[in-house]
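The values are calculated or read from the model by the stated rules, or taken from the named source; none is laboratory data. These figures come from a predicted structure and were not determined experimentally. FYI the Cβ positions are ideal-geometry reconstructions off the backbone, even for glycines, and counts take in every protein chain you see. For accessibility, only protein heavy atoms count, side chains too; no ligands or nucleic acids. Shrake-Rupley method; radii C 1.70, N 1.55, O 1.52, S 1.80 Å.
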Amino acid sequence: MLLLSKKQDWLGNIRGDVLAGTVVALALIPEAIAFSIIAGVDPKVGLYASFCIAFITAIIGGRPGMISAATGAMALLMVTLVKDHGLQYLLAATLLTGVIQVIAGYFKLGSLMSFVSRSVVTGFVNALAILIFMAQLPELTNVTWEVYAMTAAGLGFIYLFPYVPFIGKILPSPLVCIVVLTGVAMYLNLDIRTVGDMGELPDTLPIFLWPEVPLTWETLQIILPYSVPLAVVGLLESLMTATIVDDLTDTTSDKNRECKGQGIANIGAGLLGGMAGCAMIGQSIINVKSGGRGRLSTMVAGIFLLIMVVFLDEWIKQIPMAALVAVMIMVSIGTFSWESIIHLKQHPLSSNIIMLSTVTVVVWTHNLALGVFVGVLFAALFFANKISHFMYVGSVMNDETETRIYHVHGQVFFNSADRFVENFDFKEAIDKVSIDLTHAHFWDISAVSALDKVVLKFRREGAEVELIGLNEASSTIIDRFGVYDNPEEIEKVMGGH
Amino acid sequence: MNTQKPQVLACIDGAALTEAVCDYASWIAEKTDAPLQLLHTLNHHHETSNSSDLSGNIGLGAQEHLMEEIVTLEQQQSKLKIQHGKVILQAAKTHIEKSETIYPTTTQRHGDLIEAVIDLEANTRVLVLGLRGQVHENADNEIGAKLEAVIRSLHRPILIVNDTFTSPKHIMIAYDGSDAANKAVKMVASSPLYKGLTCHLVCVNNNEETATKLLEQATSKLKSAEDITVISAKLTGKADLALCAYQQEHNIDLTVMGAFSHTRLHDMLLGSFTHKMLVNTKKPLLLLR
């Protein structure tokens, strides 16, 4: 089933896909190298991974036209693993990450994305952009003035070259930046760092390698704490990117298939000596912008990348790091959600707090999974708080029967339970109390025990308590919401609100 | 929506057969006293891209800008397509209203033809569409790009139009004793559409006895309907060729038959009878699933 895809997903847009795939491949090379450096491995690890992940997700991914490869979000999570245990453990962790993601796909965990609110997504994207930028700083500190000049010139090429008539829109400006800066550096024989200084580049096609780690319990204990966050972050970024591509192209995608696709791609990367990766927001936007829509674009990007790095490795070694830094700063700027800053004032404070706390946690811990967790937690708390305000208790005295009648309206649950209790006047000396719950919803056990408390308190004060409409109120304490998926049932439970 | 009277749905795209489709559709609408709706679909081809900016860079607000750009572009294109479709629909409407008996309604839907007819199926009595659309307009040996998929996915009678309109006088039922064929006989016997026509009941079977028996059954069913003249005939040989030859010999104006009773896989391996008929026939086919 994973191999099935519509013919038009592959061949519906051949010219656009091939051109866009080529542009993407050119931009992927500097990124893959830069992310390998972040992770602390040879550039070839990121390049093999990028080829393998792009190639596999092209075939079995759930979102045609999305670009997946080695990414910064994932690279940041593996830094300490590489430092403490070396490359082989990284490959093993990559394999395990893939397995976890495939399982997540079969358990349809992709649908959990609905808990990740818009503000958390924005926070994630902004944090990612900041992390990519921060990862460039080591290349820009304690260096000669030439490096600054080269980086500034590189950014100038990237953003101004498209305004050149005719060729501006045909040649990818990041490529122009790299070619020109490499040429200048070689011509002037500048003494600055180049890609060749950062480690080995691929000189052959990737070969199948089983990671050289002992298959023991200890190994699992080492890699599992890395694989789980890798799997989570990979799926989060992939599903977010898939949604972005969905929106841009006005089409739909299969999110659970994407989870499985990412998993199998990571298994493939682990076996071919690559690091774990996921979908890339910036590259996917570049792909769509360049006219890529189908699976072919992702596949062309992967294959073209491999061909170039294997045959042009002597040239790629000469690329000055300053050129890569310029490209990565562009990616960082393009990934950042500029709109979220402009609209900071219009958005509700709670949304801003969610977004900023996500960013803060990520930048602090360098772990996007933790940031998303905090963001989702805040979002849930804010939501619970908002909903708890939708509860009120009114009362009338029936003089004939000398009964105090309380009417409870709205949502009673853990967050509003205390306020619910406070609304009853236990000091009033009265013989009969009637509590009308017909228009109340009791969502959980906290609500039920709050009601118990109220009843017991009244009884201690010597009153008789009568409950009206308890069945209606407690019908919301159900965990099988499937029953309530049709309008009539919802009307029964939520009626009157 | 289901409370409305089921309607004749004519699918038009402005290709050469559009006028014929309109004529046949209004013939059915008039005879059966059903409302006629003209359908035009706007296919957007989301799998292709319209613009390509190969500069490969992304700046501040890249995603928002790109979104804005794509939306503006697609909005313009959609508006043009809708306008174009409206012209086609209006032309067809004017053409039909010349008769001053049928006043069709028109509708435009986004997406695939298949999706559109499935969405409208509940309220459809019969679907009328051309053998070839714009894509294969000049390819004589091919049938329309979406024809088979439409026929397979719909559970309503479908009239496939392949020639200019002539008011049917002689119709033919291709009868082989199958469920679909029996349904065809039943439909012809009960529908007001066929009143006053001559109906040729044709059975292609190399076994003479079986053919006679099958024809006897069907003839008796048909005879129960008033106002239909029944002529039965036995043919031998290859079904599609024999039927087409008979069609020409006896000036048949319309052929009624079951369609695609086998799975796609079966047809892929052995070839589909319906497909052959669609390619070979010179006169409209009314298909029943």
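Examine segment A:250-263 for a residue that is part of a helix (DSSP H, G or I), out of contact with any Leu (no Cβ under 9 Å at 6 or more places or on another chain) and over 19 Å from residue A:52 (Cα atoms), and state whether such a residue exists. No, there is no match, as no residue in segment A:250-263 is part of a helix (DSSP H, G or I), out of contact with any Leu (no Cβ under 9 Å at 6 or more places or on another chain) and over 19 Å from residue A:52 (Cα atoms). Restricted to segment A:213-247, and to residues there that are part of a helix (DSSP H, G or I), away from chain B (no Cβ under 14 Å) and among the polar types (S, T, N, Q), the residue that is most open to solvent (accessible area, probe 1.4 Å) is A:221.
Name the residues in segment B:41-90 that are among the small types (Gly, Ala, Ser), under 30 Å from residue B:20 (Cβ atoms) and buried (at least 16 other Cβ atoms within 10 Å of the Cβ), would you? B:85 - this is the single residue of segment B:41-90 that is among the small types (Gly, Ala, Ser), under 30 Å from residue B:20 (Cβ atoms) and buried (at least 16 other Cβ atoms within 10 Å of the Cβ).
The rows are residues; the columns are (1) within 15 Å of residue A:265 (Cβ to Cβ); (2) more than 14 Å from chain B (Cβ to nearest Cβ); (3) out of contact with any helix residue (DSSP H, G or I) (no Cβ under 7 Å at 6 or more places or on another chain).
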{"position": "A:31", "(1), (2), (3)": "no, no, no"}
{"position": "A:40", "(1), (2), (3)": "no, yes, no"}
{"position": "A:62", "(1), (2), (3)": "yes, yes, no"}
{"position": "A:95", "(1), (2), (3)": "yes, yes, no"}
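Looking across segment A:310-332, the residues that are more than 14 Å from every other protein chain (Cβ to nearest Cβ), within 30 Å of the chain's Cα centre (by Cα) and more than 21 Å from residue B:54 (Cβ to Cβ) come down to A:321, A:322, A:325. What about residue A:15, is it within 14 Å of another protein chain (Cβ to nearest Cβ) and surrounded by fewer than 24 Cβ atoms within 10 Å (Cβ to Cβ)? Yes: the conditions hold for residue A:15. Picking from residues in segment B:51-100 that are at pLDDT below 85 and more than 7 Å from chain A (Cβ to nearest Cβ), the one that is nearest to the chain's Cα centre (by Cα) is B:99.
Restricting attention to segment A:252-286, the residues that are among the polar types (S, T, N, Q) and away from chain B (no Cβ under 14 Å) total 3.
The criterion of being under 28 Å from residue A:150 (Cα atoms), open to solvent by 30 Å² or more (accessible area, probe 1.4 Å) and more than 22 Å from the chain's Cα centre (by Cα) does not hold for residue A:345. Quick check: anything in segment A:176-185 touching a Leu at 6+ places or on another chain (Cβ under 7 Å), among the hydrophobic types (A, V, I, L, M, F, W, C) and within 14 Å of chain B (Cβ to nearest Cβ)? The answer is no, given that none of the residues of segment A:176-185 is touching a Leu at 6+ places or on another chain (Cβ under 7 Å), among the hydrophobic types (A, V, I, L, M, F, W, C) and within 14 Å of chain B (Cβ to nearest Cβ). Is it the case, given these coordinates, that residue A:165 is out of contact with any Lys or Arg (no Cβ under 7 Å at 6 or more places or on another chain), modelled with pLDDT of 90 or more and away from every other protein chain (no Cβ under 12 Å)? No: the conditions fail for residue A:165. The residues on offer are B:249, B:209, and the sole one that is at negative phi, open to solvent by 10 Å² or more (accessible area, probe 1.4 Å) and modelled with pLDDT under 85 is B:209.
Determine, yes or no, whether residue A:335 is in contact (Cβ under 8 Å) with a residue 24 or more places away in the chain, crowded, with 19+ Cβ neighbours inside 10 Å, away from chain B (no Cβ under 14 Å) and β-branched (Val, Ile, Thr).
Values: in contact (Cβ under 8 Å) with a residue 24 or more places away in the chain: yes; crowded, with 19+ Cβ neighbours inside 10 Å: yes; away from chain B (no Cβ under 14 Å): no; β-branched (Val, Ile, Thr): yes.
When the stated conditions are applied, residue A:335 does not pass them.
The rows are residues; the columns are (1) of a type in the set (Phe, Trp, Tyr); (2) in a helix (DSSP H, G or I); (3) closer than 29 Å to residue B:236 by Cα.
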| position | (1), (2), (3) |
| --- | --- |
| B:116 | no, yes, no |
| B:126 | no, no, no |
| B:160 | no, no, yes |
| B:163 | no, no, yes |
| B:177 | no, no, yes |
| B:183 | no, yes, yes |
| B:188 | no, yes, yes |
| B:199 | no, no, yes |
